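One structure is given below, represented as structure tokens, and several questions about it will come after.
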């Protein structure tokens with residue numbers, strides 16, 4: 001009847017590969033649907049090995065003309081983190097909170113407020129995501145930097161770490177530049193806290209995709 005072990009082995013391997021692939025896909029979508037902002041952190045260190053994985057994921061993102069204009073500054077020193085926290089609070093207290101009062105739900109406003117009053121600066125690590133304008137243009141900053149930042153946020157979530165995308169301190173370009181010893185061509189785009197969440201984080205509240213997806217033309221039901 002001949003040797004039937006090879007076809008049988010092939011079928012088993014094919015089924016196993018499809019199962020592994022489906023499992024990996026499910027894990028990816030699980031991370032995507034769990035990723036959310038964390039603004040309160042435990043006083044526990046984050047190992048460099050974990051940060052290496054997070055930053056490696058960030059640098060796999062696409063960028064305009066493949067310029068890869070990102071520079072990431074990992075900030076652990078307490079005084080530097082505190083100074084960045086002071087800049088955030090200054091911006092929050094100088095009109096940002098008043099603006100947000102009319103736009104955010106009370107629970108979210110309280111969470112952001114706690115973050116501005118030390119929660120974010122209390123993370124064991126702050127990552128300053130910077131753009132080097134020698135490798136980008138003003139028009140490609142967003143398209144080059146925010147895909148990398150999103151990769152970073154997703155990787156942190158996959159590792160069980162909390163994170164958040166914050167830009168409120170970036171208006172203080174000169175103080176941040178002096179604090180981080182930035183060359184003239186480098187600008188801070190976002191400050192991202194990284195650490196172990198102080199409490200369990202539920203899924204983010206998002207509208208279903210169908211609420212903002214249109215078929216063929218705007219208004220076409222999906």
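Would you mind pulling out the separation of the Cα centroids of the range 100-127 and the range 49-84, in Å?
Between the Cα centres of the range 100-127 and the range 49-84 lies a distance of 21 Å.
With runs of 4+ DSSP H residues as the only contributors, calculate the mean residue ellipticity of the chain at 222 nm using -39,500 (n - 2.57) per run, divided by the residue total and rounded to the nearest 500. Let's see the in-between values first.
Values: 7 runs with 95 residues, N = 222.
Helix-only estimate at 222 nm: -13500 deg cm²/dmol.
Could you check the spin-label model distance between residue 80 and residue 132? Points 7 Å from the Cα along Cα→Cβ, value in nm.
Between residue 80 and residue 132, the label points sit 1.7 nm apart.
Next question, about the same structure. Decide, for the chain, between rounded, prolate and oblate: order the square roots of the alpha carbon gyration tensor eigenvalues as a ≥ b ≥ c, take rounded if a/c falls under 1.5, and otherwise choose prolate if a/b is larger than b/c, else oblate. List each step's numbers first, then the result.
Values: a/c = 1.81, a/b = 1.67, b/c = 1.09.
It comes out prolate by the Cα gyration axes.
OK, next. Please provide three numbers in whole Å: the alpha-carbon extents of the range 122-222 along the principal axes, with the largest listed first.
So the extents along the principal axes, rounded to whole Å, are 51, 38, 21.
Per residue Cα convex hull volume for the range 174-222, in cubic angstrom? Don't skip to the end; give the middle numbers.
Details: hull volume 9.0 nm³, N = 49.
Output value, Cα hull per residue: 184 Å³.
In what sequence, highest mean first, do 198-204, 212-218 appear when ranked by Cβ atoms within 10 angstrom? Write out the running numbers ahead of the final one.
Values: 198-204: 10.6, 212-218: 8.3.
The densest-packed peptide leads the list: 198-204, 212-218.
Could you identify which residue out of 70, 99, 196 has the top mean-square fluctuation in a GNM of the chain using Cα springs shorter than 10 Å?
99
Once you have a ≥ b ≥ c as the square roots of the Cα gyration tensor eigenvalues for the range 74-143, tell me rounded if a/c is under 1.5, and otherwise prolate or oblate according to whether a/b is larger than b/c. List each step's numbers first, then the result.
Values: a/c = 2.41, a/b = 1.31, b/c = 1.84.
Oblate is the answer for the range 74-143, as a/c is 1.5 or above yet b/c matches or exceeds a/b.
Kindly state, to the nearest 0.05, the FRET efficiency for residue 94 paired with residue 196, given R0 = 30 Å and r defined as their beta-carbon distance.
Numbers: r = 31 Å, r/R0 = 1.03.
Efficiency computed from Cβ-Cβ geometry: 0.45.
Using a Gaussian network model of the chain with C-alpha springs under 10 Å, which one of 175, 106, 147 is most mobile by mean-square fluctuation?
106
Turning to a different aspect of this structure: First measure r as the distance between the Cβ atoms of residue 174 and residue 210, then evaluate 1/(1 + (r/R0)^6) with R0 = 35 Å and state the FRET efficiency to the nearest 0.05. Let's see the in-between values first.
Details: r = 45 Å, r/R0 = 1.29.
Efficiency at R0 = 35 Å is approximately 0.20.
Considering the chain as a Gaussian network with a 10 Å cut-off on Cα pairs, which listed residue, 68, 102, 60, attains the greatest mean-square fluctuation?
Highest fluctuation among the options: 102.
Mind giving me the nanometre distance, one decimal, between the label points for residue 49 and residue 101, set 7 Å out from Cα along Cα→Cβ?
Spacing of the two 7 Å Cα→Cβ label points: 4.9 nm.
Here, each number is a calculation from the coordinates, and none is a lab measurement. What you see is a predicted model; the values in this text were computed from it and never measured. Positions of Cβ are backbone-derived with ideal geometry, glycine not excepted, and every protein chain shown enters the neighbour counts.
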